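Take a look at the structure set out below.
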Amino acid sequence: MKLSEKIQILRKKYGYSQEYMAEICNVSRQCISKWEMDIALPNVDKLLILSKIFQVSIDVLLKDDLIIGGAQEIHICGNNAILNEKAGLYEGILIKESIENDMVLDYLTINKVEIWKTQGNPKYWTVIYFTSTNRDFPNLISKVMISDETKGGNWFVDFKSGNIKFIVFRDKILKYAIGNSIEKQDVYEECKKMGIPYEQMQWAE
């Protein structure tokens, strides 16, 4: 059971209207509707509010195989999940807080969402495991990556397509062939220039 379904089920269980939910979460009614229709995802702050008003843990909200209302559904995929299908053209992990425009999520197939606790600000990251079949995805995501010292500096997203690894910043697309140490070192050097510490360059291949 996906997050959108759980929000709708729990809202109705407690007798809350979408208008009431919108007021509690400090969003528009249309926003609640988008959450329930699996068009948009609540951010970390809103997930914490939902957890409190529905009296369930964030894990229960986010993990498909955890129980709500005494029922359990396992291996059920929604419109934004892939099960036993070939991976998309691109696949990787995106931190939602690293982008300034959520519309880019329309180009993703979201396979899993996790909440990671950090030592900085924001305190939590919304981590999206995704695939994308949009051939222009590297250019699209490069237009919305945050590059602002007041918001954490230069954020990047890493993903791969076949044997090619992409490291994408705001208006900068870096890539190398996996296994090519010379190309990878060139990417490392460019990342250093962008202020990225070495420990953040240990991305999976």
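The values are calculated or read from the model by the stated rules, or taken from the named source; none is laboratory data. Remember, it's a predicted structure, so these values are computed and weren't measured experimentally. Please note that ligands, DNA and RNA were not included when accessible areas were found on the heavy atoms of the full protein model with its side chains. Shrake-Rupley method; radii C 1.70, N 1.55, O 1.52, S 1.80 Å.
List of remarks:
- The candidate values were (1) -0.39; (2) -0.43; (3) -0.30; the one computed from these coordinates for log10 I(q)/I(0) by the Debye sum over Cα atoms at q = 0.09 Å⁻¹ carries the label (1).
- Unsatisfied cross-links (Cα-Cα over 29 Å) in the set Lys6/Lys143; Lys52/Lys112; Lys2/Lys175: Lys6/Lys143; Lys2/Lys175
- Averaged per residue, the chain has 57 square angstrom of accessible surface, using a 1.4 angstrom probe with ligands and nucleic acids left out.
- Per-residue ³J(HN,Hα) for region 37-49, Karplus 6.51 cos²θ - 1.76 cosθ + 1.60, θ = phi - 60°, Hz, x for Gly and Pro: 8, 6, 8, 9, 10, x, 6, 4, 4, 6, 4, 5, 5
- Alpha-carbon centroids, region 162-192 and region 1-36: separation in whole Å: 41
- For the chain, with all protein chains in place and a probe radius of 1.4 Å, 48% of the accessible heavy-atom surface sits on carbon or sulfur.
- Gaussian network model of the chain, springs between alpha carbon atoms under 10 Å - residue of Ser132, Ser57, Ser161 with greatest fluctuation: Ser57
- Whole-number D in µm² s⁻¹ for region 128-173, Kirkwood Cα-pair radius fed into Stokes-Einstein, 25 °C, 0.890 mPa s: 218
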